[in-house]
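Inspection log for the structure reproduced underneath, given as structure tokens.
Rule-based calculations on the coordinates, nothing more; no lab input. Here the structure is a predicted model, which means the values were calculated and not measured.
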Amino acid sequence: HVAVDGRAVVGLGQRDAAKVLAFLVLHAGQEVAYRTLAERFWPAEVRGREEGGDFPSVRQSMRALRAALGAPAQLLLSVPGKGQVRLEPERMACDLSALEALLRSPRDDDQEAGIDLVLASEPLLSSW
């Protein structure tokens, strides 16, 4: 489950955009090059291209992702440089991020119950 400003991200419509969002969630706060996304999801687009090449599938997926996110997309997805994107973690919530935070913190009985609750709910990133 991924939410932005308390609103669940739905309506991606394009499976590729969902894959890109999941990848960006896993790398939240880090600059991700379009080339990295292309290598991961569309390796045929990368073969034979020079370093700064154009990746149509990445551009199309980013358009679909921005459309699904709506107005918050401008604040959530930053462009640190040409052909790069960064997901700003401060404005989003994700079940995986919540679990990682719980696992990294010192635990007491309440936190153990929180971990159990997260794991007992839907599978992590279940909507992907």
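Assorted remarks:
- Computed lengthening from Lys82 to Glu112, 0.36 nm per intervening residue step minus Cα-Cα distance: 6.5 nm
- Amide H within-cut-off set for Gln84, under 5 Å, with H built and near neighbours excluded: Tyr34
- In order through region 67-84: 3J(HN,Hα) via Karplus (6.51 cos²θ - 1.76 cosθ + 1.60), integer Hz, x for Gly, Pro: 5, 5, 6, x, 4, x, 4, 4, 8, 7, 10, 9, 10, x, x, 4, x, 9
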